[in-house]
Amino acid sequence: GDSVTQTEGLVTLTEGLPVMLNCTYQTIYSNPFLFWYVQHLNESPRLLLKSFTDNKRTEHQGFHATLHKSSSSFHLQKSSAQLSDSALYYCALSGSNYNVLYFGSGTKLTVEP
Amino acid sequence: EAAVTQSPRNKVAVTGGKVTLSCNQTNNHNNMYWYRQDTGHGLRLIHYSYGAGSTEKGDIPDGYKASRPSQENFSLILELATPSQTSVYFCASGPGQANSDYTFGSGTRLLVI
């Protein structure tokens, strides 16, 4: 079945350093949609960005990600971390069952001064 | 303003008791979902629905039932609550298209003692 893997459970960074959160996925569907959701403390998850186009960079709110179908990856990046980026980040997949989003286990990002 | 509203926000239940979590959406979305959120597991799909009268099993349906009596309402029922069901539960709605993101409710924090 469809699945999403986020290898880092916890990432701690110093403000100003680059961010990279890893996401890989598995699906038999050749045209999956990939999403990144962000969840701040005591809030609900909300969409950060999404993509379905192979090798095209998608950007939103200073974050960017590129879907690479050849490696089944959709890593989230930002050039310079801010304190306000501290949150839980989920990668999600809409694959063979497009009615359902499958989420990864999440990466908790903590940005320190 | 379109929204997803969950009730209650917090619930303490006794082992073996019946628990009903309610969700109402004003987005006029066809699809609704119940996820539970646990550290290290992320968001896991319990049940979902394509519309009034429809319920489908997600990845972890055991111990849970769902009910969709109308387009707007979707309930999650724990007939015999167990401590392992202590978690944060999120309801979400979506239009049922591959590129569409979900709108999440604020979550229900359930403690089973």
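For B:Ser106, nonlocal amide neighbours, meaning residues 5 or more places apart or on other chains whose placed amide H falls under 5 Å from its own, are B:Gln6.
Within 10 Å of the Cβ of each residue in B:41-51, the mean number of Cβ atoms contributed by other protein chains is 4. No partner Cβ under 4.7 angstrom, meaning no disulfide-compatible partner by this rule: which Cys of the protein assembly as shown qualify? Singleton cysteines: none in the protein assembly as shown.
By the rule of a C-alpha distance below 18 Å, with chain neighbours fewer than 8 residues away ignored, the lysines paired with B:Lys65 are B:Lys11, B:Lys18, B:Lys57. The phi-based Karplus calculation (6.51 cos²θ - 1.76 cosθ + 1.60; θ = phi - 60°) puts the 3J(HN,Hα) values of region B:51-65 at x, 3, x, 10, 9, 10, 7, x, 7, 10, x, 4, x, 10, 10 Hz, whole numbers, x for Gly and Pro. Per residue of B:53-66, other chain Cβ atoms within 10 Å of the residue Cβ number 1 on average. Computed from phi, the 3J(HN,Hα) profile of region B:4-21 under the Karplus parametrisation 6.51, -1.76, 1.60 (θ = phi - 60°) reads 10, 10, 10, 8, x, 7, 9, 8, 10, 10, 8, 3, x, x, 9, 10, 10, 9 Hz, with x in place of Gly and Pro.
The phi-based Karplus calculation (6.51 cos²θ - 1.76 cosθ + 1.60; θ = phi - 60°) puts the 3J(HN,Hα) values of region A:34-47 at 10, 10, 10, 10, 10, 10, 7, 3, 6, 10, 9, x, 9, 5 Hz, whole numbers, x for Gly and Pro. Between B and A, roughly 1700 Å² of accessible area is buried in total, ligands, DNA and RNA not counted and the probe set to 1.4 Å.
Within the accessible surface of region B:1-60, defined with a 1.4 Å probe on protein heavy atoms only, the carbon and sulfur portion equals 45 percent. How many partner chain Cβ atoms sit within 10 Å of a residue's Cβ in peptide A:48-55, on average, as a whole number? Across the residues of A:48-55, the mean count of other-chain Cβ atoms within 10 Å is 1. Counting charges near A:Leu47 (Lys, Arg +1; Asp, Glu -1) among other residues having Cβ under 15 Å from its Cβ returns a value of -1.
The values are calculated or read from the model by the stated rules, or taken from the named source; none is laboratory data. All values derive from a computational prediction rather than experimental measurement. Note: ideal-geometry Cβ built from the backbone for every residue, glycine included; neighbour counts use all protein chains shown. For the accessible areas, the whole protein counts, side chains as well, though only heavy atoms, and no ligand, DNA or RNA atoms are used. Shrake-Rupley method; radii C 1.70, N 1.55, O 1.52, S 1.80 Å.
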